[in-house]
Amino acid sequence: MISFFSKNTTRIFYILLVFLIDVKYVYADSGPTIDNPLNTNDVKSFLEKFASMLIPWAGVIFIIMLLYGGIQYLTSGGNEENSSKAKNTLTWAIVGIIIVTLAFVFVKYIKGKLLS
């Protein structure tokens with residue numbers, strides 16, 4: 001059971017990635033048009049929207065890592081090495097989301113101080 005998750009984890013990740021990507025069709029007669037998905041014209045608003053898009057993705061990655069670590073722990077079968085790997089995965093997932101949250105709060109605080 002453990003070998004199933006270690007061999008197919010990359011495949012599952014790529015399959016999920018394909019479903020999450022928004023693919024637009026290109027037609028030869030439509031001409032060269034490029035849509036601006038962020039609807040920004042300056043660097044400041046671009047960075048703000050880019051940062052606001054990264055926060056939800058950090059949450060998605062956090063959930064995926066929690067699920068992966070939980071599955072690792074459940075399938076460890078009492079093996080100390082696999083159990084410690086799973087605990088490491090869970091610990092670093094939690095540390096990662098704490099760092100992302102603190103960075104977001106820090107940036108909002110600095111931005112509030114600079115604008116006031």
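The values are calculated or read from the model by the stated rules, or taken from the named source; none is laboratory data. On a predicted model such as this, the values are computed, not experimentally measured, just so you know. Counting neighbours? That spans all protein chains shown, and the Cβs are built from the backbone with ideal geometry, glycine included.
List of remarks:
Yes/no per residue for (1) assigned to a helix (DSSP H, G or I); (2) at pLDDT 60 or above; (3) farther than 29 Å from Phe106 by Cβ:
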{"residue": "Thr10", "(1), (2), (3)": "yes, yes, yes"}
{"residue": "Asn41", "(1), (2), (3)": "no, yes, no"}
{"residue": "Trp57", "(1), (2), (3)": "yes, yes, no"}
{"residue": "Ile64", "(1), (2), (3)": "yes, yes, no"}
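- Residue-level check: of (1) out of contact with any helix residue (DSSP H, G or I) (no Cβ under 9 Å at 6 or more places or on another chain); (2) touching a residue at least 40 places away in the same chain (Cβ under 8 Å), Thr75 misses just (1).
- Residues located in the stretch 39-77, provided they are among the polar types (S, T, N, Q), surrounded by 13 or more Cβ atoms within 10 Å (Cβ to Cβ) and over 19 Å from Lys87 (Cα atoms): Thr40
- Whichever residue in the stretch 86-116 is more than 28 Å from Tyr73 (Cβ to Cβ) and of a type in the set (Ser, Thr, Tyr) and, among such residues, is surrounded by the most Cβ atoms within 10 Å (Cβ to Cβ): Tyr109
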